[in-house]
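Peer 1: Take this structure, written in structure tokens, and hold onto it; I'll ask about it next.
The values are calculated or read from the model by the stated rules, or taken from the named source; none is laboratory data. Keep in mind it's a predicted model, so treat the numbers as computed, not measured. So basically every Cβ, Gly included, is an ideal-geometry build from the backbone, and we count neighbours across all protein chains shown. Note: accessible area is taken over every heavy atom of the protein model, side chains too, but ligands, DNA and RNA are not part of it. Shrake-Rupley method; radii C 1.70, N 1.55, O 1.52, S 1.80 Å.
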Amino acid sequence: MSKFWSPVVRELEPYVPGEQPQIDGLIKLNTNESPYPPSPKVLDLITHDTIDRLRLYPDPNSKKLKNTIANYYKVSGEQVFVGNGSDEVLALAFMAFFQQGKPLLFPDISYSFYPVYCQLFGVTPQTIPLREDYTINFDDYPLDNSGVIFPNPNAPTAIGLPLATIEALLKKNTESVVIVDEAYVDFGAETAIALVDKYPNLLVVQTLSKSRSLAGMRVGFAVGHKDLIDGLDRVKNSFNSYPLDRIAEAAAVVAFEDDNYFCECRDKIIATREWTVAELEKLGFRVLPSQANFVFADPVGKNAADIAQHLRDQKVLVRYFNKPRINQFLRITIGTDAQMQMMIDALKRYTR
Ligand SMILES: Cc1ncc(COP(=O)(O)O)c(C=O)c1O
């Protein structure tokens with residue numbers, strides 16, 4: 001605490017990211033990164049010419065990347081916004097749309113950055129409980145709101161919502177922006193990008209950090225009606241005109257162009273997930289249905305915090321949230337087959 005801090009900073013409870021420890025041989029299953037490297041074509045970008053051009057500012061509008069994403073999802077370049085990770089895109093969206101004096105609605109169990117952005121940007125949060133089975137229930141979402149935001153699949157539950165359920169929400173919630181945070185959508189859920197031309201208040205946010213193996217590059221994007229994108233641009237250009245550096249933009253373009261590589265990695269992760277779920281169930285875990293690159297697993301009758309510590313002692317890092325309703329779960333990122341085998345073997349050595 002310093003007397004120089006503003007009242008807002010004094011009150012902040014910043015987001016705590018998953019650990020990035022530098023421990024040799026550690027199996028890192030705690031931050032939902034991809035276990036596979038980015039497309040090998042990303043390496044071809046690192047030429048003398050690329051390095052020489054780092055003297056120059058990048059394209060402030062990242063036009064090439066926007067057009068690549070637009071082609072991929074069959075929308076226009078004007079419907080795409082890009083930023084330095086989807087966290088930044090979300091932050092700019094909070095500033096652009098939710099400071100409206102009414103509450104922003106999101107599930108009680110959801111991405112823990114949403115309440116932090118609410119504090120930072122003076123947005124009033126209203127959390128709506130998930131059902132007993134941890135699914136989102138939009139029947140409980142009041143229409144008098146400044147917006148609605150939820151991940152699909154949800155984090156950390158990994159449960160996906162069908163597109164029809166999202167469309168039913170959009171049909172009734174027409175007077176505020178609805179953000180679908182699709183950080184994990186590629187692993188088995190359906191993207192709502194198909195609905196952006198029908199609903200001018202829908203903004204879909206995605207990231208290249210998970211299914212495209214570029215967490216270290218920090219690239220995220222949003223797709224929505226041109227007017228929503230204009231709003232985001234106004235905020236971005238009042239904050240940081242060059243959110244994507246030259247190499248990040250070029251790597252992101254390649255990550256979309258190399259679709260075969262993307263599909264190969266995604267399919268491997270899905271297959272490994274299904275194997276992991278079966279193995280965890282054999283060990284007596286209850287695993288929520290996952291459409292993501294992680295599973296949320298309850299070691300029924302055993303202490304999840306203690307198991308997380310045991311795994312850590314065995315050099316396997318998973319995420320444990322000491323929070324109401326979810327403190328009996330472990331969130332386990334899907335790694336390679338070999339890593340998951342080692343995680344399961346380490347669990348078998350747990351004897352308490
Ligand atoms: C639900 C959700 N949204 C957004 C993000 C942010 O991703 P990034 O900033 O790496 O694009 C994450 C990261 O874990 C996430 O879990």
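Peer 1: Write out, first by first residue and then by second, each pair whose Cβ atoms fall under 6 Å of each other, whose residues are 6+ apart or on separate chains, and whose first residue, in the stretch 79-94, is closer than 16 Å to PRO58 by Cβ and assigned to a helix (DSSP H, G or I) while the second is open to solvent by less than 10 Å² (accessible area, probe 1.4 Å) and near the ligand (Cβ under 10 Å from one of its atoms).
Peer 2: Taking only residues 6 or more apart or on different chains, the pairs are GLY85/GLY220.
Peer 1: Have a look at TYR184, TYR261, TYR242 and point out the one that is aromatic (Phe, Trp, Tyr) and either within 21 Å of TYR114 (Cβ to Cβ) or surrounded by 24 or more Cβ atoms within 10 Å (Cβ to Cβ) (or both).
Peer 2: After applying the criteria, what remains is TYR184.
Peer 1: Another question, then. With respect to the numbered conditions (1) at pLDDT 95 or above; (2) open to solvent by less than 70 Å² (accessible area, probe 1.4 Å), which one is the sole condition not fulfilled by THR47?
Peer 2: So THR47 meets the others, but not (1).
Peer 1: Would you tally the residues in the stretch 49-64 being under 25 Å from the mean Cα position of the chain (by Cα) and part of a helix (DSSP H, G or I)?
Peer 2: Here the count works out to 2.
Peer 1: Residues of the stretch 69-94 being among the aliphatic types (A, V, I, L, M) and within 13 Å of the ligand (Cβ to nearest atom), which ones?
Peer 2: VAL82, VAL89, LEU90, ALA91, LEU92, ALA93, listed by residue number.
Peer 1: Turning to a different aspect of this structure: Give the residues of the stretch 330-352 that are farther than 21 Å from ARG266 by Cβ and under 19 Å from the mean Cα position of the chain (by Cα), sorted by residue number.
Peer 2: Matches in the stretch 330-352: LEU330 only.
Peer 1: Name the one entry in VAL254, VAL277, VAL204 that is over 26 Å from PRO17 (Cα atoms) and either part of a helix (DSSP H, G or I) or within 16 Å of the ligand (Cβ to nearest atom) (or both). Break it down stepwise before answering.
Peer 2: On the way: VAL277 fails: over 26 Å from PRO17 (Cα atoms); VAL204 fails: over 26 Å from PRO17 (Cα atoms).
The match here is VAL254.
Peer 1: Select from the stretch 287-301 the residues that are more than 22 Å from the chain's Cα centre (by Cα) and over 18 Å from LYS323 (Cβ atoms) and list them in ascending order.
Peer 2: Hits for the stretch 287-301 are VAL300, GLY301.
Peer 1: Given the residues LEU143, LEU130, which is the only one that is open to solvent by 60 Å² or more (accessible area, probe 1.4 Å) and in contact with an Asp or Glu (Cβ under 9 Å, 6 or more places away or on another chain)?
Peer 2: The conditions single out LEU143.
Peer 1: Among the residues of the stretch 94-114, count how many are under 29 Å from ASP298 (Cα atoms) and either in contact with a Phe, Trp or Tyr (Cβ under 8 Å, 6 or more places away or on another chain) or among the small types (Gly, Ala, Ser) (or both).
Peer 2: Here is the first cut: in the stretch 94-114, the ones under 29 Å from ASP298 (Cα atoms) are 105-114.
Pick out the ones that are also either in contact with a Phe, Trp or Tyr (Cβ under 8 Å, 6 or more places away or on another chain) or among the small types (Gly, Ala, Ser) (or both) and you get 105-107, 109-110, 112-114.
Residues that pass the stated criteria total 8.
Peer 1: Here is a follow-up. Of all residues being of a type in the set (A, V, I, L, M) and part of a helix (DSSP H, G or I) in the stretch 1-23, which is surrounded by the fewest Cβ atoms within 10 Å (Cβ to Cβ)? Just the residue, please.
Peer 2: Step by step, filter the stretch 1-23, then rank; the result is VAL8.
Peer 1: Condition check: part of a helix (DSSP H, G or I) and either under 29 Å from THR333 (Cβ atoms) or touching a strand residue (DSSP E or B) at 6+ places or on another chain (Cβ under 6 Å) (or both). Does LEU169 satisfy that?
Peer 2: Considered against the rule, which asks whether it is part of a helix (DSSP H, G or I) and either under 29 Å from THR333 (Cβ atoms) or touching a strand residue (DSSP E or B) at 6+ places or on another chain (Cβ under 6 Å) (or both), LEU169 comes out as yes.
Peer 1: In addition: Is there any pair linking a residue in the stretch 14-27 that is modelled with pLDDT of 90 or more to one that is of a type in the set (Lys, Arg), with Cβ under 7 Å and at least six apart or on different chains, and which?
Peer 2: Listed by first residue and then by second, the contacts come to LEU26/LYS315; ILE27/LYS315.
Peer 1: Condition test on ALA308, is it within 24 Å of TYR134 (Cβ to Cβ) and in a helix (DSSP H, G or I)?
Peer 2: When the stated conditions are applied, ALA308 passes them.
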